1. Going through the stretch 136-193 one residue at a time, which ones are aromatic (Phe, Trp, Tyr) and either out of contact with any Asp or Glu (no Cβ under 9 Å at 6 or more places or on another chain) or closer than 19 Å to Ser253 by Cα (or both)?
2. Out of curiosity, is Leu260 buried (at least 17 other Cβ atoms within 10 Å of the Cβ), farther than 24 Å from Ser148 by Cα and not small (Gly, Ala, Ser)?
3. Within the stretch 351-381, how many residues turn out to be surrounded by fewer than 16 Cβ atoms within 10 Å (Cβ to Cβ) and either touching a residue at least 40 places away in the same chain (Cβ under 8 Å) or not charged (D, E, K, R) (or both)?
4. Any idea which of Glu70, Glu28 is acidic (Asp, Glu) and either modelled with pLDDT under 90 or not assigned by TED's automatic domain parsing to the domain that holds Ile119 (or both)?
5. Go through the stretch 312-328 and give me each residue that's crowded, with 18+ Cβ neighbours inside 10 Å and either out of contact with any Leu (no Cβ under 9 Å at 6 or more places or on another chain) or part of a strand (DSSP E or B) (or both).
6. Given the options Gly105, Gly76, name the one that is in the same structural domain as Lys15 (by TED's automatic domain parsing), among the small types (Gly, Ala, Ser) and under 19 Å from Tyr334 (Cβ atoms).
7. Within the stretch 298-310, is there a residue that is assigned by TED's automatic domain parsing to the domain that holds Gly59 and within 21 Å of the chain's Cα centre (by Cα)?
8. Just for the stretch 165-187: of the residues that are in contact with a Ser or Thr (Cβ under 6 Å, 6 or more places away or on another chain) and not in a helix (DSSP H, G or I), which one is farthest from Asn242 (Cα to Cα)?
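The values are calculated or read from the model by the stated rules, or taken from the named source; none is laboratory data. Given the structure is predicted, the values throughout are model-derived calculations rather than measurements. Don't worry about glycine lacking a Cβ; one is built from the backbone with ideal geometry, like all the others, and counts go over all protein chains shown.
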Amino acid sequence: MPQIKENFYENILFKFESCSCDCVEDIEHVSPGEKPISKFKLQAMPERSILFGYAAKDGLVRIAPNGTIEERNILGTLMSLANKPTKELVSFMKDNGFLFPVCTGTYEVFDEISLYEIINRLKITVELMTAANEIRKNYKKICDLTISLLFSEDLTIKTDSMKNAYSSCHHKYVDTLMNPPVQLSYSRQQEAFEGDTYSITDCIYGSYALNIQDYNNIIGGYSSIPGHQNGFYQNITSMFVNYEKQDMTKKISDFLFHFLYEMNGNSSGEFSDEMKSALIEIAKYIIGEEINANLDGIHPVYDSETMTPSWKVDSLLCAAYFSIFYLKPDLELYRPCDNPRCGRYFLVKTTSTRNRFCSQACCNRVTQDRYRKRKREKEGL
């Protein structure tokens with residue numbers, strides 16, 4: 001056994017024990033002319049145990065039997081798989097195990113689409129956390145990622161080795177939006193009788209006068225926003241006018257109304273300072289809901305041997321979200337490597353704007369590519 005150069009256990013915040021898995025990809029051709037469907041067949045290989053750990057500055061890592069770090073930045077590698085071919089996903093699972101516990105001795109089948117959606121949702125959560133805490137904020141990106149997470153479809157996965165099925169985060173705001181208050185209050189009816197506008201207590205601007213004819217056109221389906229279904233616009237408008245509680249549900253509705261009504265649903269448009277402030281608050285709220293929903297598989301335990309508190313982690317996906325839970329975005333963030341052939345996410349200081357590559361090798365590769373490109377262009381002149 002090689003000499004221990006660093007004992008990772010001394011600084012560990014949580015551990016997760018798992019095992020490798022045998023993974024094969026089956027491609028099913030459903031019908032002529034249609035894209036084939038990929039399915040993964042997996043079985044656990046308990047003889048090949050794997051230990052993960054998390055510590056500040058290192059993030060989630062795979063630990064070797066002698067206590068050294070065998071592979072760093074597991075979270076960054078996992079996120080990058082959202083845009084990688086299936087062969088790289090298979091390779092990851094063979095090295096690190098499946099996202100959830102699976103059986104031994106028999107294959108369990110999972111469809112490609114569900115796995116990529118779970119990984120992509122994890123990636124979007126981290127990307128939004130990064131975007132919302134960057135010094136130079138890209139509000140278009142923050143808006144797009146926030147809306148994408150808020151209205152993501154629910155996902156459920158169950159393996160034979162899991163006591164309970166995994167369900168992705170379901171944002172309760174969506175339930176409220178599906179059944180908005182549509183009945184105009186007596187005071188609203190009086191406003192319509194006496195004038196041309198509804199006076200709205202607005203979470204974004206404090207107060208807002210909405211033209212009643214515009215309201216009627218939207219609710220009646222006569223006014224629409226390109227790229228958005230009329231029902232969505234109608235419900236948002238109903239929430240804006242008729243929802244009376246001053247809570248986060250109200251703030252999200254008010255933001256979405258102004259986004260649709262004034263910006264035409266175009267995130268490339270100019271956000272007012274009030275809209276920027278509300279967007280950051282909403283983004284952080286959505287991030288919190290995503291992370292908290294994925295910590296159900298985390299349980300505090302007491303280690304009687306070391307006489308110290310510890311954590312029981314149920315799955316690799318839980319470990320990934322738990323590592324995000326420990327992340328301090330005011331100090332460090334995940335950014336994608338600028339090498340287009342890599343795309344791996346890596347930890348970098350929040351204040352750093354120059355560190356654009358996950359490794360020196362990627363930096364050298366991009367530098368060489370640019371040199372070759374300039375050389376070809378000169379030779380072509």
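1. Tyr139, Phe151, Tyr173, Tyr186, Phe193
2. Working: buried (at least 17 other Cβ atoms within 10 Å of the Cβ): yes; farther than 24 Å from Ser148 by Cα: no; not small (Gly, Ala, Ser): yes.
So Leu260 fails the test.
3. Matching residues across the stretch 351-381 total 13.
4. Selected residue: Glu28, the only one of Glu70, Glu28 that is acidic (Asp, Glu) and either modelled with pLDDT under 90 or not assigned by TED's automatic domain parsing to the domain that holds Ile119 (or both).
5. Val313, Asp314
6. From the options Gly105, Gly76, the qualifying one is Gly76.
7. Yes; the residues of the stretch 298-310 include at least one that is assigned by TED's automatic domain parsing to the domain that holds Gly59 and within 21 Å of the chain's Cα centre (by Cα).
8. Top of the filtered list is Ala165.
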